[in-house]
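Just below is one structure, and these are the notes that go with it.
Please treat every number below as a calculation from the coordinates, not as lab data. Nothing here was measured: the structure is a model prediction, and the numbers come from that model. Using ideal geometry, Cβ is built from the backbone for each residue, glycine included, and neighbour counts are taken over all protein chains shown.
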Amino acid sequence: MSKIIINKLFGEDKSARVGKIFVKTGDQIKAGDELFNAESAKGNYLVKSEHEGKILEILIKEGQQIKIGDAAIEIDGVKACIKTEKAKSAYSFGLAQPKKENICCDLVVVGGGPGGYVAAIRAAQLGADVVLIEKHKIGGTCLNYGCIPTKSLVKSAHLFDEILRSEEFGIHVQHAKIDLLKIVERKDKVVSELSSGIKYLLGKSNIRLIEGEAKTSPEGGIFVKNAKIEAQISARNIIIATGSSPAILQIPGADLPIVLTSEEILSISSVPESLAIIGGGVIGMEFAFIFNSFGSKVTVIEYMDDILFNFDEDIIEVIVQECSDRGIRLITGARVDEIDLSDDGKGIVAFTKNESRCYAIGDRVLMAVGRKANLSALDTEALGVSLNERGNGIKVDLHMRTSNPSVFAIGDVTNKLQLAHVASHQGIVAAENCMGLESSMKYDVIPSAVFVSPEIGVTGLCEREAKKSGIAYKVTKFPFSANGKALSQGETKGFVKILSSEEDHTILGAAVIGPGATDLISNFTPLIMQKTDYRTLSHTIVAHPTTAESVHEAILGIEGGAIHFA
Ligand code: NAD
């Protein structure tokens, strides 16, 4: 849906009167079609269409006074391709001018994160002519400030943990120490390699990547400008994939320089002696473990009664025990109200717990209280795109269509589930629908991976939800302490847990906490999705010695058939 805006009248006229209107609602128009006469004292101007599509509404009436900038017609269509208008002069007062272009394509994707770039590639695979616009760094939060950089840090943290345990494995190591600058350098290299990889894939798919900030154009479509080009883009479809940003508590002291977001903490140059983390969600807890391994004294202050409050109690118990063993201080049921600076420059985090005012100290304070959708990147109202009921995300249906059928939205900006892999899949669904296929999202079997220690992987129904919804379920567990590979690795904490239905012999959900949990959980997702009868899996042979045997043993255990656990 776009609007035909009056951008030219007779000569230098700024206003006129509408004469004869030559089109009506429902007409199919193309570029060059005569729309209406605009009459002024100086002369008549025949307004022609620069758009193609179906007229939804005529917004002007014969005899009405109009001016430049007024919307004349609402149309289900896009601005048609008009020859590229070259900059009038390459140089003006010695400064290069951006080249003006009118780009016409099948799909414009705004935002190059794991949602946007995947959508672009999928649409290109299906034959679309795609433009992808990214204002900052290709790969978005996931690649530049989220999943990938944190996992690089997690690797360094685990390695250091192992080195510190090396005596246990018969290896003497002396003087092991953390060099955060080197760790950050390695992280940046990983990010840069992956970022080049994405650019290569986009190039191979003939996707045009424009670096710049996309804006909603008053004439419909998208406008983007950078030092080289100034492009007006008309596309059959738009996919909004503008992501999210760290949420900041609106409390005094939130803007102090010692307060960092999850993006900023990735580039600090030295390990803080102490770190106070506001928020014991996934981000807060991943950083709690990373900086604990690096040697910081970590305190987590969480509003809810539990850290990782969406997870099952038995999983939280393992993590809470591990925090206690490692000396990570957890303060739950505490609302942070204020951050102040001590005389020696440390952060004083003031919080309320049991109606008392308490304090935690940190050389640095990490704010990890969620992420908010980037809703203001484009003018949603002008695009005819509505927000969800809570006003915190773009409203989409299961096809990822917004309230404007030619505009789709995917990823964190929809605020459905803020996970990179969900964004990517939403991108695939949106791209397929743009290209005329019928694809839809299913949210009941979404895996999730948390890189605390031990790792957590969950998929399908969790016990917390099962209890709430009253679904009949059976729980089966197999502990890693009974697995040979886990024991030889010295990583015996945790278990594989299955929720199953005795009625139809299917697996409803699974959770793994322990060595390699984030990879092992993938065994369960297809079984749940395909409603596999778990009895058919009893003769599957799993390689020995592997931690995957625990998955198999847990499945056997549903009917009491686990061999290594009674
Ligand atoms: P979150 O919502 O998971 O956790 C934020 C926590 O902050 C909550 O537990 C909340 O109760 C707490 N909080 C809010 N206000 C507070 C206050 N005043 N005082 C104390 N505590 C307060 O958000 P997050 O951890 O920032 O993660 C953001 C999003 O990114 C989530 O949707 C998360 O699932 C996703 N993410 C996922 C992964 C992963 O799956 N590995 C990794 C990173 C991020």
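Quick one: of Lys99/Lys151; Lys135/Lys204; Lys151/Lys215; Lys353/Lys497; Lys177/Lys485, which pairs are farther than 31 Å apart, Cα to Cα?
Lys99/Lys151; Lys151/Lys215; Lys353/Lys497
Label Glu167 and Ala41 with points 7 Å out from Cα along Cα→Cβ: what is the distance between them in nm?
9.8
With r as the distance between the Cβ atoms of Leu487 and Asp344 and R0 = 51 Å, compute the FRET efficiency 1/(1 + (r/R0)^6) and round to 0.05.
My answer for the efficiency is 0.65.
Which one of Thr242, Ser270, Pro526 is farthest out on the positive end of the charge dipole of the chain, using unit charges on Cβ (Lys, Arg +1; Asp, Glu -1) and the Cα centre as origin?
Farthest along the dipole direction, towards plus: Thr242.
Based on the Cβ-Cβ distance from Glu193 to Gln125, what FRET efficiency comes out when R0 is 25 Å, to the nearest 0.05?
0.60
Normalising by the residue count of segment 259-369, find the relative contact order in percent from Cα pairs under 8 Å and 6+ residues apart.
35
When a/c is below 1.5 the answer is rounded, else prolate if a/b is larger than b/c, else oblate, so apply that to segment 448-559 with a ≥ b ≥ c taken from the square roots of the Cα gyration tensor eigenvalues.
oblate
Mind checking which of Ile55, Ala16, Gln28 is farthest towards the positive end of segment 2-79's charge dipole, using Cβ charges of +1 (Lys, Arg) and -1 (Asp, Glu) about the Cα centre?
The residue sitting farthest along the positive end of the dipole is Ala16.
As I understand it, the value is the acute angle between the Cα axis of helix 282-294 and the longest principal axis of the Cα atoms of the chain; what does it come to in degrees, rounded to 10?
The answer is roughly 50 degrees.
Can you sort Ser293, Ser481, Ser488 so the residue with the fewest Cβ neighbours within 10 Å comes first? Let's see the in-between values first.
Details: Ser293 23, Ser481 15, Ser488 10.
Going from sparsest to densest Cβ surroundings: Ser488, Ser481, Ser293.
Note down the relative contact order for the chain as a percent, whole number, built from C-alpha pairs under 8 angstrom at least six residues apart.
RCO, the chain: 11 percent.
Rank these for me by crowding, Thr380, Thr540, going from fewest to most other beta carbons within 10 Å.
Thr540, Thr380
Within segment 136-164, list the residues whose amide N lies under 20 Å from a label point set 7 Å along Cα→Cβ of Ser245.
136-147
Give, rounded to the nearest 20 debye, the magnitude of the charge dipole that the chain has about its Cα centre when Lys and Arg contribute +1 at Cβ and Asp and Glu contribute -1 at Cβ.
With Lys and Arg at +1 and Asp and Glu at -1, about 1880 debye.
Please give the contour-minus-distance gain from Lys225 to Arg186: 0.36 nm per residue of separation, less the Cα-Cα distance, rounded to one decimal in nm.
Fully extending the segment from Lys225 to Arg186 adds 10.7 nm.
Need the full-extension length gain, Lys14 to Gln65, defined as separation in residues times 0.36 nm minus the C-alpha distance. One decimal, nm.
17.3 nm is the gain from fully extending Lys14 to Gln65.
Mind checking which lysines have their Cα closer than 30 Å to the Cα of Lys20? Skip sequence neighbours fewer than 8 apart in that chain.
Candidates past the 8-residue exclusion: Lys3, Lys8, Lys30, Lys42, Lys48, Lys54, Lys61, Lys67, Lys79, Lys83.
Determine, for segment 359-467, the count of lysine pairs separated by eight or more sequence positions (or lying on different chains) whose alpha-carbon distance falls under 22 Å.
6
With a 10 Å radius around each residue's Cβ, average the other Cβ atoms per peptide and rank 351-359, 324-332, highest first. Intermediate values should be presented prior to the final figure.
Working: 351-359: 11.8, 324-332: 15.4.
Output ranking for 351-359, 324-332: 324-332, 351-359.
Could you work out how far apart the two model spin labels at Lys177 and Lys474 are, taking each label as a point 7 Å from the Cα in the direction of the beta carbon, and quote it in nm?
With each label placed 7 Å out from Cα toward Cβ, I get 5.7 nm.
Of Ile198, Ile229, Ala449, which is farthest towards the positive pole of the chain's charge dipole, taken about the Cα centre with +1 and -1 on the beta-carbons of Lys, Arg and Asp, Glu respectively?
Ile229
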